[in-house]
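Single-structure report; data block below.
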Amino acid sequence: MAKSFPVMHFDAVIVGAGGAGMRASLQLAEAGLSVAVLSKVFPTRSHTVAAQGGIGASLGNMSEDSWLWHMYDTIKGSDWLGDQDAIEYMCKTAADVVYELEHFGMPFDRNDDGTLYQRPFGGHSANFGQKPVQRACAVADRTGHALLHTLYQRNVRARTQFLVEWMALDLIRDADGDVVGVTALEMETGEAMILHAKATILATGGAGRIFAASTNAFINTGDGLGMVARAGLPLEDMEMWQFHPTGVAGAGILITEAVRGEGGILLNANGERFMERYAPNLKDLASRDVVSRSMDQEIKEGRGCGPHKDYVLLKLDHLGPDVIIKRLPSIREISIKFANADPIKEPIPVVPTIHYMMGGIPTNVHGQVVAPKDGDPNSVVPGLFAVGECACVSVHGANRLGTNSLLDLIVFGRATGNFIVSENLKAAPHKPLPGDAAEASRARLARIDNATSGESVSAVADTLRKTLQAHCGVFRNQGLLSEGGPRAARDAHLDQRSQQDVQHRARRGARAR
Amino acid sequence: MKIESDPNFLDDRQLARIRWRCRRGLLENDLILARFLDAKGATLTEEQVAMLDTLLALTDNELWDLIAGRCEPEASVRPLVDELRIA
């Protein structure tokens, strides 16, 4: 393999072509910057497509609403741990970004008078928690799908350059610690390249697949988080994960809350309706986190079902075949396909399942990545940005409000694009690449290329996922985490494997000083 | 598609490429396609690969609607859709 890689130059390079990456790229391409968007899958196959609920924005089309009420709901939803300045910005900007999408041609559902229809959603309230309000703008139950296609088409129009089936490898940092691009692999040919950029934006989505039970698609492996960690930068709030209480055991597919709304109940191995003990009033309709914790408690105390006692049961058969066939057809479909159980006759095995990553790469409201330096906890890392689920702005705190995930993508994708445009990069020269720009990636690729033996990646990953599930699941305490950390490192052989990366960083750090 | 060794079956590299293209935005599709490839990948025919390519070009929701039986496929891809439905 050559000592270095061929170099391509762009004003901006974006890693990831989901909603956040494509909203940012659109802003840049329309301003005339040269933009490359790398994606390991075709852009419209990004996981954004799975978002069903909608986009929260206080348009007030159904009844009176205010961005302040949306802000209150978001902060309360975050368990008061979100960044309130960032939340204020997001909720204030929500209406503008939704109308923009409407003008881009996104086919939102409408009211008879032509205004955008807004649907009710859990946690959305008027007048600071007083009564429910309809705030979610949606395209049937395929809002993410419509968003992704709208953005892709606009990007094609704006001449964004897509590098499809390209895998980003490492960030390139120079002696000042600035980010000047990425190394990447074209998967079809196996050729590695340097993408030299004035701005590098990570939009790689969540890392839900690091857990054994996850609702996320296979591609959600948190590649951007790994790149940032390998570049010696810290991540934020990585303990904050949202669980969905009812994922099909062993598969991860979501069983919507509507099932419990229709009267479905949760049972433990003794056939007991255990939610009556944990939430005597709301029972099976208690909020997501309460239900998840109760289920986990039952399993931990040995009342789980199945040969490994590791799931509980969602019982529907008492609703009768008519209700199930008429009102919950897709749930029946999913259960038969992925749990091998027809809910008309038998209960569905379910477990609390990883759904959304609140933490990630720390950024400010402009999408600039920040890290502690010289006593400043929020010192900007020049040249590096992050948007979407991989970023932690942090507008979700400890728990994301429903419909705020798509909102996060478009608000901060656009804000980051606008900030980079305002920096007038077009006129600025590229910062030179360091001499060893490709060294870390080259060494890693060479090691893999030359390896004649070793373990299978998927086997190592499976062990790692099980460890994370057991030690960093619904309940996390000091004992579990202290035990799980070293175990995860052992699973991944980090102790041996990171040796050369650490040495490499140390050399770079020494030069920076 | 150029077949290099056994004219009837795919080589490892071709199968690996198909497996990667079966990474989708919806977990439902990921799981079904992975199951199908685990069971039938080694014996895929050229004809089946062509049908699979056609199906993979659909959006995630269209593909899942077909697999879940919410709508019916074109005759040209029906044999493969039938396989995916029982995968």
Sites A:ASP178 and A:PHE128 - FRET efficiency at Förster radius 41 Å, r taken between beta-carbons, to 0.05: 0.40
Spin-label model distance (nm) - A:SER482 vs B:ASP38, 7 Å beyond Cα toward Cβ: 3.8
Positive-pole candidate from B:ALA16, B:GLN48, B:LEU37, dipole of segment B:12-86, charges at beta carbon: B:ALA16
Rounded tilt (10° steps) of A:478-491 against the dominant C-alpha axis of chain A: 50
Under 5 Å, built H, 5+ apart or other chain: amide partners of A:ASP170: A:THR183
List of segment A:216-234 residues, accessible area with partners at least 10 Å² below that of the chain alone (1.4 Å probe): A:ALA217, A:PHE218, A:ILE219
Helix A:84-104 vs. chain A, principal-axis angle (Cα, 0 to 90°, nearest 10): 90
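State the extension gain, in nm to one decimal, for the chain segment bounded by A:ASP112 and A:PHE475, taking 0.36 nm per residue of separation less the distance between their alpha-carbons.
Extra length available between A:ASP112 and A:PHE475 comes to 126.0 nm.
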Average partner coverage of A:326-333, which counts Cβ from other chains inside 10 Å: 1
Share of alpha-carbon pairs per 10 Å distance bin for segment A:211-286, given as whole %: 15, 33, 27, 16, 9, 0
Proximal lysines to A:LYS315, defined as alpha-carbon separation beneath 16 angstrom and excluding residues fewer than eight positions away on the same chain: A:LYS283, A:LYS345
Shielding by partners - mean other protein chain Cβ count within 10 Å, residues of A:43-50: 5
For A:VAL139, distant residues with modelled amide H under 5 Å away: A:ASP109
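For segment B:12-86, take the alpha-carbon Rg, divide it by the Kirkwood Rh, and send me Rg/Rh. The partial results should precede the final answer.
On the way: Rg = 11.3 Å, Rh = 12.3 Å.
Taking Rg over the Kirkwood Rh, I get 0.92.
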Per residue accessible area in Å² of the protein assembly as shown, where ligands, DNA and RNA are left out and the probe is 1.4 Å: 43
In nm, spacing of pseudo-spin labels at B:GLU72 and A:ASN424 (7 Å Cα→C-beta vector): 6.4
Proximal aspartates and glutamates relative to A:LYS466, as straight alpha-carbon distance under 16 Å, when same-chain residues fewer than 8 apart are discounted: A:ASP296, A:ASP310, A:GLU483, A:ASP491
Cα-centred dipole magnitude for segment B:12-86, charges only on beta-carbon of K, R (+1) and D, E (-1), debye, nearest 20: 300
Within straight-line cross-link reach of A:LYS426, lysines at Cα separation under 20 Å, skipping those fewer than 8 residues along the same chain: A:LYS198
Segment A:364-374 - phi-based ³J(HN,Hα) in whole Hz, Karplus 6.51/-1.76/1.60, Gly and Pro as x: 9, 5, 8, x, 5, 6, 10, 8, x, 7, 6
Rounded, prolate or oblate (a/c below 1.5 giving rounded, otherwise prolate when a/b exceeds b/c) for segment A:38-186 by Cα gyration tensor: oblate
Sequence-distant residues sharing a close amide H with A:VAL370 (under 5 Å, placed H): A:THR363, A:ASN364, A:VAL381
Label-point separation, A:GLU64 to A:GLN297 (7 Å along Cα→Cβ), nm: 4.0
Residue-span extension gain [A:ASN340 to A:ALA158] - 0.36 nm each, minus C-alpha spacing: 60.9 nm
Fraction in percent of alpha-carbon pairs per bin - 20 Å, the protein assembly as shown: 19, 55, 26, 1
Cβ-based net charge around A:ASP310, under 15 Å, with every Lys or Arg adding one and every Asp or Glu removing one: +2
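What does the extension gain come out to for A:SER287 and A:VAL7, with contour length at 0.36 nm per residue minus their alpha carbon separation?
95.7 nm
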Residue mean of other protein chain beta carbons inside 10 Å, A:272-279: 0
Residue-by-residue Karplus 3J(HN,Hα) for segment A:395-409, coefficients 6.51, -1.76, 1.60, Hz, glycine and proline x: 8, 10, x, 9, 6, 7, 6, x, 6, 8, 6, 5, 4, 3, 4
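The values are calculated or read from the model by the stated rules, or taken from the named source; none is laboratory data. Keep in mind that what you see is a predicted model, and the values were worked out from it rather than measured. Using ideal geometry, Cβ is built from the backbone for each residue, glycine included, and neighbour counts are taken over all protein chains shown. Ligands, DNA and RNA are excluded from the accessible area calculation, which covers all protein heavy atoms including side chains. Shrake-Rupley method; radii C 1.70, N 1.55, O 1.52, S 1.80 Å.
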